[in-house]
Amino acid sequence: VKRQGKNGHLFYTDDLDAQLLDHIELESDLRKAIERDELVVYYQPQFHSEYNRMIGVEALVRWNHPTRGLLSPGLFIPLAEETGLIYDLGTWVLREACRQMKRWHDEGGPLIPVSVNLSSHQFHQSNLVTYIRNILQETGLAPEYLELEITESMMMDPAVSIHILEELNKLGTRISLDDFGTGYSSLSYLKKFPIHKLKIDRSFITDISQNRNDRAIVSTIIAMAQNLKLDVIAEGIETKDQLDILTENDCKKIQGYYFASPLSAADVETMFIMPSRE
Ligand code: C2E
Ligand code: CA
Ligand code: CA
Ligand code: CA
């Protein structure tokens, strides 16, 4: 069925209905996903390029959907945010990631932190600090091994953000500014925010071998981080060339397919946590 839309565009109502139905179905599925244990946390190892050692992991959620297969977060995080399910989902991921990390520590694995992505909804949740404290207590993970990844867009109201960040600092967790360079954080605020790390966005890395501007931006971010005494990590490193450029520019912390993709906990364990164990 072809129909003229309000704005003059032609569209197919059948397609639209199908899409809407699909969306509704996915939403009701997502509601059940947590109870049914369908969510899975994958972990992407982060490396120090000089010592060739794993220095942390980022927790990245996936949905093992009964009929659609393994869904990437880009497909359901926005839906979770729209519907408010993000609170339960986010809490679940945090608890799961802390529990896993504590287990690895207890089993004699390296004492490395886990980075967990916070959505802006969670960041502005009034009980954020309380429930993170509870999760840390419940799982027994020391706060310094939990790093929270937030984005510049969450810092639009500096006074509010600084307050939340200070509370998290008191708790002892670490804070990383994700996708750095893609938002529009005012640089003057950067020094006021109690954060620990900048994570250089993949979009500056992709063409870094060919693109002088990207190279300039990245080396500037690295220099700025060093001057502000902030830690810095680059994400989305896929090639040796990209790795070499970052190393030359004194960014030794690396995350990307070049070293490792996001992996199931079991795979991380056999490949990186207890590689010598049979
Ligand atoms: P992000 O936080 O920027 O995570 C990095 C994304 O880049 C991940 O996609 C990862 O798989 C991918 N990636 C890692 N290395 C490479 C590389 O070398 N090349 C390329 N092309 N990609 C690479 P993923 O897992 O699909 O996650 C997408 C986004 O979903 C994340 O982006 C994050 O914003 C969001 N997300 C994931 N898990 C959670 C979660 O538990 N809570 C919230 N609120 N958001 C999450
Ligand atoms: Ca992230
Ligand atoms: Ca990122
Ligand atoms: Ca991103």
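Values for this structure:
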{"read-out": "Potential lengthening between Gln210 and Trp92 on full extension [0.36 nm per residue; Cα-Cα distance subtracted]", "value": "38.4 nm"}
{"read-out": "Estimated dipole of segment 153-278 in Debye, rounded to 20 [Cβ of Lys and Arg +1, of Asp and Glu -1, Cα centre]", "value": "460"}
{"read-out": "Dipole moment magnitude, nearest 20 debye, the chain about Cα centre, only Lys, Arg, Asp, Glu C-beta charged", "value": "520"}
{"read-out": "Area accessible to solvent at Tyr42, 1.4 Å probe radius, in Å²", "value": "50"}
{"read-out": "Whole-percent carbon and sulfur share, accessible surface of segment 198-278, 1.4 Å", "value": "47"}
{"read-out": "Anisotropy class of segment 137-278 from Cα gyration tensor, a/c 1.5 cut", "value": "oblate"}
{"read-out": "Links that overshoot a 32 Å alpha carbon limit, given the list Lys102/Lys229; Lys32/Lys240; Lys197/Lys240; Lys102/Lys197; Lys32/Lys197", "value": "Lys32/Lys240; Lys32/Lys197"}
{"read-out": "Bridge type composition, the chain - antiparallel percent by DSSP, nearest 5", "value": "50"}
{"read-out": "Overall form of segment 229-278 per C-alpha gyration tensor (a/c, 1.5; a/b vs b/c)", "value": "prolate"}
{"read-out": "Per residue accessible area in Å² of segment 67-188, where ligands, DNA and RNA are left out and the probe is 1.4 Å", "value": "44"}
{"read-out": "Relative contact order for segment 223-265, counting Cα pairs under 8 Å that sit 6 or more residues apart, in percent", "value": "40"}
{"read-out": "Cα radius of gyration and Dmax for the chain (Å)", "value": "20.3, 65"}
{"read-out": "Axial C-alpha extent at least 30 Å, average Kyte-Doolittle at least 1.6 - helices from the chain (DSSP)", "value": "none"}
{"read-out": "Computed over the chain: relative contact order in percent, which uses C-alpha pairs under 8 Å that are six or more apart", "value": "17"}
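The values are calculated or read from the model by the stated rules, or taken from the named source; none is laboratory data. Since this is a predicted model, take the numbers as computed values, not measurements. Note that we place each Cβ from the backbone using ideal geometry, even for glycine, and neighbour counts take in every protein chain shown. Quick note on the areas: whole protein, heavy atoms, side chains included, nothing else; ligands and nucleic acids left out. Shrake-Rupley method; radii C 1.70, N 1.55, O 1.52, S 1.80 Å.
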